[in-house]
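Comments concern the structure below.
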Amino acid sequence: MEIIRAPNYEDLSKKAAIIIASQLIQKPQSVLGLATGGTPEGLYMEIVKLAENGTISFAQVQSFNLDEYYGLAASHPQSYHSYMQKHLFSKVDIKQENIHFPDGMASDMQMFCNCYEQAMGNAGGIDLQILGIGHNGHIGFNEPANCFSASTHLVSLAESTIAANSRYFDSSADMPRKAITMGIGTIMRAKRILLIASASKRAAVERMLYGPVTPKFPASILQYHTNVQVIYYG
Ligand code: F6R
């Protein structure tokens with residue numbers, strides 16, 4: 001793993017944006033795995049600047065998002081789909097047909113998850129996967145468990161995740177209790193991974209980097225991936 005320590009959030013966002021930009025410059029038809037949440041907001045802001053000044057283009061990019069709340073339609077204001085439209089997709093030249101998202105409303109969940117995995121495979125696999133990290137070590141919504149999950153699946157969210165993300169909803173009761181997420185296997189199949197974490201995640205980052213590899217702390221599996229960059233500050 002390459003570990004990059006940034007002096008502050010702005011610098012972390014800029015460094016992460018440069019990594020994505022260099023990926024797109026080297027391979028304009030890259031397949032990106034994208035994360036949501038508070039941490040990447042600055043990164044997406046920097047990426048938009050680079051797209052607006054013509055440094056990068058999303059015209060040939062395909063994107064696959066990590067996760068989506070179960071039971072929320074794409075159009076729901078708190079869906080991760082809406083988050084991506086707001087922070088990135090509506091501001092760059094990505095083609096709508098190249099945007100792939102877990103469907104929180106899929107009627108046949110197993111079939112949907114299989115199709116999502118197949119679509120990633122058909123696109124040639126994820127070239128660069130962006131990740132955040134939860135305090136409990138979750139990546140995507142792979143919560144601490146007894147074994148690592150192989151592929152995209154439906155999960156029950158941990159109480160700490162519900163507590164952390166309820167801030168985006170009118171009340172905690174409105175916060176979905178389940179989500180669809182790429183599995184640990186899906187994430188590990190990405191050719192390259194960039195994980196970003198802000199100051200409050202310091203303990204989680206240290207446990208991921210130096211703790212035992214265990215599904216009880218899912219991010220620890222990244223110690224076994226051969227091409228991971230971690231940018232954090234704090
Ligand atoms: C979001 C995701 C989550 C977040 C994590 C950290 O797509 O996959 O794993 O990256 O919960 O969220 P923030 O950045 O809000 O602290």
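Couple of notes before you dig in:
- Among beta bridges from DSSP that stay inside the stretch 75-196, the antiparallel ones total about 60%.
- In this structure, the residue pairs whose Cα-Cα separation is over 32 Å, taken from K178/K201; K49/K178; K27/K216; K86/K191; K27/K178, are K49/K178; K27/K216; K27/K178.
- Kyte-Doolittle at least 1.0, axis length at least 24 Å by Cα - qualifying DSSP helices, the chain: none
- For the peptides 124-135, 66-77, the ranking by mean Cβ contacts within 10 Å, running from highest to lowest, is 124-135, 66-77.
- Over all projection directions, the Cα-based convex hull of the chain averages an area of 11.6 nm².
- Centroid-to-centroid, using Cα positions, the stretch 66-102 and the stretch 138-195 are 16 Å apart.
- Debye-sum result for the stretch 48-101 in log10 I(q)/I(0), which assumes one identical scatterer on each alpha carbon, at q = 0.16, 0.22 Å⁻¹: -0.49, -0.83
- Per residue Cα convex hull volume in Å³ - calculated over the stretch 10-133: 101
- Dmax and Rg, reported as Rg then Dmax, of the stretch 90-140 (C-alpha, Å): 13.6, 35
- With viscosity 1.002 mPa s and temperature 20 °C, the Kirkwood radius over alpha carbon pairs of the stretch 106-234 converts through Stokes-Einstein to a diffusion coefficient of 140 µm²/s.
Readers should treat all values here as calculations from the given coordinates under stated rules, not as data from a laboratory. Everything numeric here is computed off the predicted structure, so don't read it as measured data. Here Cβ is always computed from backbone atoms with ideal geometry, including for glycine, and neighbour counts include all displayed protein chains.
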